[in-house]
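Working notes for the structure below.
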Amino acid sequence: MDTTNQSALDAIADTNAEESEDETLKDRHEISMQDYDTLSLEQLVEELKNLVSNEKVMSFKDHIEEVKKAFLAKYNHLVEEKKEEFLAENQDPTEDFQYHSPLKTQFDKFYTQFRDIKNTHFKSLQTNLKTNLENRLAIVEELKELINPQENIKDTLKHFNDLRERWKNAGPIPKDKYNHVWNNFHFHVENFYDYLHLDREARDLDFKHNLEQKQKIVARVEELVNEADINKAFRELQDLHRIWKEDIGPVSREHRDEIWNKFSDLTKQMHDKREVLFENQRGTELENLEKKKEIIAKIEVLATEKVNAHSQWLAQIEKVEALRTAFFSAGKVPSDVNEETWASFKTAVRNFNSFKNSFYKDIKKDQNDNLSLKTALVLKAKELQESQDFAATTPIMKQIQEEWKQIGHVPRKYSDKIWKEFKDACNHYFEKLKEQKNEENSEEVEAFDNKKAYLETLREFQLSGDHKTDLDAIKMHIETWKNFGKVPFPRRHIEGKFNKILDALFEKLSLSKKDTDMMRFANRMDHLSESHDTRKLDNEKIFIMRKIDEVQNEIFQLENNIQFFTNTRNAKKENSIVLEVRKNIAIHKESLDVWKEKLKQLRNLKVE
């Protein structure tokens, strides 16, 4: 066989050997390997959780190890940074650095879960592999003894078929023995066929069937060579190799080399296409490497730019964080330079942090001053937390909170404690304020419940057809609705539902347009009055006054037009146009009366 094909065949044989030992690994090809370096610590923990929770967890074992590698690299880097910050802020040699992260606890829990599953799985697997190997070797030895011309051919064939069936069901064996044992078995199977002098008809029929099956495989591989998804095609090729080797018997000697060489040549073509794909990926990784080198260089520059204000340092820190994110998002680099690139990145970030920490050592006095200011605010908040004068105290408490936000950092060792004291005092006061508001709103909640129930009754209301009776009934519904009182502000949408039902009822009444418009307006204004929304009432008043001015100006203009047309010599034309204008004036005057009536009602409203 052409030696140039051997590397492709070896690659497939090795993978099939591994998957034959542990069948759970077959699914791993269907699971894409993410670039886990681009994920955050939180995302890595979530990814590990999802992988471990999958029922085919062993298919993910390589993925899980990559997640672990990415997580520990980032986490250890984070711990180093935290330690440097601690040492910069704490000069007390007796105080030990400690850092605990819930993320690390979660990660350890899920990884331990995976490790237990893996250990249980391999323990179960190992107990069978040795026994299965011994059974297969014994089958090979029996196969060797079949080449015995003295035996009855029918008995020999029956024994041969029994051995093939036992072989098929013998189970997995260690991957390092797989290819050798399979090749040994097939060698003796072919030997048996070649030296089987009797019952040639049955042998040739079997050869023919096997050849047809292998020709179908070759035809399928010819199609796969042109498949766009190279990885998918290569995975199918692996399965076809497994079928060729494990499920199909030998062919006649005259076709044996020809069919196998064709199959291996096609395999080599597929392997070459896959290698080209890997080369392209390698090119992308080299581009990613250049991006990461540029990012590292920018961080190194920031580690030398001296700034003298906290706000400026915040800007520098933000730049480094953006570069850090860009580094992790840049994608994979070639594996042979991955460790070196990561080490350069960590060094650059560490140098920046050291430079930054030296600045913050100098502002320790400012942090102690901030501590004094915040301590004073804590005392003030505690003094006011039991106050019952909510109107006077609430603005003060809000002002205290604003002042707290304006004060800078305090020494880290006091930060959590003083914040908790301040937060507890503020929360205590505002919880009391909330309880007081809840008591005030109980009546509004009751009004909402009553209106909600009444709304259902109103939906069933039907007009009788008698104008006066129906009008009185609608007015009674409006009055009943008003008497329920105000509803909580977030639930004021119920008023819109009520008005929608009223509008439908008014449409069915045979009222004049003016009467209908005025009743709707009166109902809406009463609602605004009860809600004490003086701003909306003022806006409504301004709007109506503008409409009155507009309509009056329009009437004035129309009356001027009449004067113009009464002087024209074309009497016929004059009469038709003048009639139309007078009709238009009448419509506008009716509209003006409505707007003036609305303004009158609005001015008579009493808003508390």
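The values are calculated or read from the model by the stated rules, or taken from the named source; none is laboratory data. Quick caveat: nothing in here was measured; it's all calculated off a predicted structure. Virtual Cβ from ideal backbone geometry, glycine too; neighbours counted across all protein chains shown. When the accessible area is computed, the model is the full protein with side chains, heavy atoms only, and any ligands, DNA or RNA have been set aside. Shrake-Rupley method; radii C 1.70, N 1.55, O 1.52, S 1.80 Å.
If we count every other residue with Cβ under 12 angstrom of Phe556's Cβ, Lys/Arg +1 and Asp/Glu -1, where does the sum land?
Overall, the nearby charge balance is -3.
Calculated mean residue ellipticity, 222 nm, the chain: -28000 deg cm²/dmol, from DSSP H runs (n ≥ 4) at -39500 (n - 2.57) each, averaged per residue and rounded to 500.
Which net charge results for the neighbourhood of Phe461, defined as the other residues with beta-carbon distances under 12 angstrom from its beta-carbon, given Lys and Arg at +1 and Asp and Glu at -1? The answer is -1.
Full extension from Glu246 to Glu227: what is 0.36 nm times the residue separation minus their Cα-Cα distance, to one decimal in nm?
Gain on extension, Glu246 to Glu227, equals 4.3 nm.
Calculate, for Asn161 and Asp108, the FRET efficiency according to 1/(1 + (r/R0)^6) with r their C-beta to C-beta distance and R0 35 Å; round to the nearest 0.05. Don't skip to the end; give the middle numbers.
Details: r = 54 Å, r/R0 = 1.55.
Efficiency for this residue pair is about 0.05.
For the chain, the longest principal axis of the Cα atoms and the long axis of helix 175-194 meet at an angle of about 50 degrees. Rg/Rh, computed from the Cα trace of the chain with Rh as the Kirkwood radius, has the value 1.23.
Report, in whole Å, the centroid distance computed from the Cα atoms of region 296-329 and region 339-355. For region 296-329 versus region 339-355, the Cα centre distance is 12 Å. Rounded to whole numbers, the Karplus 3J(HN,Hα) couplings from phi for region 460-467 are 8, 5, 10, 5, 7, x, 8, 4 Hz, using 6.51 cos²θ - 1.76 cosθ + 1.60 with θ = phi - 60°, and x at Gly and Pro.
Can you tell me the length gained on complete extension of the stretch Leu373 to Asp257, counting 0.36 nm per residue apart and subtracting the Cα distance? Write out the running numbers ahead of the final one.
Details: separation 116, 0.36 × 116 = 41.76 nm, distance 9.02 nm.
Length gained, Leu373 through Asp257: 32.7 nm.
Angle of helix 41-53 to the longest C-alpha principal axis of the chain, folded into 0 to 90 degrees and rounded to 10: 60°. The alpha-carbon atoms of region 323-424 define a convex hull whose volume equals 145 cubic angstrom per residue. Pairs Lys144/Lys262; Lys451/Lys536; Lys216/Lys273; Lys49/Lys332; Lys482/Lys589; Lys49/Lys413: which exceed 25 Å Cα-Cα? Too far apart for the 25 Å limit: Lys144/Lys262; Lys482/Lys589; Lys49/Lys413. The simple Förster model, with R0 at 60 Å and r as the Cβ-Cβ distance, assigns Glu142 and Ala326 a FRET efficiency of 0.40.
May I ask you to give the percent of accessible area on the chain that is carbon plus sulfur, with a probe radius of 1.4 Å? Please list the in-between numbers first.
Values: 18220 of 36840 Å².
Carbon and sulfur atoms account for 49 percent of the accessible area of the chain.
On full extension, the segment bounded by Asp35 and Thr284 gains 88.4 nm, given 0.36 nm per residue less the C-alpha separation. For the pair Ile548 and Lys361, label points projected 7 Å from Cα toward Cβ lie 7.8 nm apart. Whole-percent P(r), region 384-481, all Cα pairs, 10 Å bins from 0: 12, 25, 17, 13, 13, 11, 6, 2, 0.
Annotation: peptides 342-349, 300-307, ranked by per-residue average of other Cβ atoms within 10 Å with the highest first, follow the order 342-349, 300-307.
Based on the Kirkwood radius over alpha-carbon pairs, what value in µm²/s does the Stokes-Einstein equation return for the translational diffusion coefficient of region 185-258 at 10 °C and 1.306 mPa s? The estimated diffusion coefficient comes to 117 µm²/s.
Relative protection proxy for 279-289, 459-469, from highest mean packing down: 279-289, 459-469 (other beta-carbon atoms within 10 angstrom). Note on Arg582: accessible area approximately 130 square angstrom, rounded to 10, probe 1.4 Å, nucleic acids and ligands left out. Simple spin-label estimate for Thr394 and Phe187 gives 9.3 nm between the two label positions (7 Å along the Cα-to-Cβ direction from each Cα).
Report the FRET efficiency, 1/(1 + (r/R0)^6), for Val301 and Glu84, where r is their Cβ-Cβ distance and R0 is 25 Å, rounded to 0.05. Working shown, then result.
Values: r = 20 Å, r/R0 = 0.79.
After rounding, the FRET efficiency stands at 0.80.
For the chain, the solvent-accessible area works out to 61 Å² per residue, with a probe of 1.4 Å and every protein chain left in place. The angle between the Cα long axis of helix 493-508 and the main principal axis of the chain comes to about 60°, on a 0 to 90 degree scale. In this structure, the residue pairs whose Cα-Cα separation is over 24 Å, taken from Lys74/Lys356; Lys346/Lys420; Lys208/Lys245, are Lys346/Lys420. Placing pseudo-labels 7 Å out from each Cα toward the beta carbon at Lys583 and Asn128 gives an inter-label distance of 9.7 nm.
Sort the following peptides by mean Cβ neighbour count (other Cβ atoms within 10 Å, averaged over residues), highest first: 495-505, 266-276. Don't skip to the answer; put the middle values down first.
Details: 495-505: 14.3, 266-276: 17.1.
Ranking, from highest mean packing down: 266-276, 495-505.
Would you calculate the volume per residue, in Å³, of the smallest convex hull containing every Cα atom of region 223-348?
On the way: hull volume 16.4 nm³, N = 126.
Given the Cα convex hull of region 223-348, per-residue volume reads 130 Å³.
Could you give each residue of region 441-448 its phi-based ³J(HN,Hα) in whole Hz, using Karplus coefficients 6.51, -1.76, 1.60 with θ = phi - 60°, and x for Gly or Pro? With the stated coefficients, region 441-448 comes to 8, 4, 5, 5, 5, 4, 4, 4 Hz.
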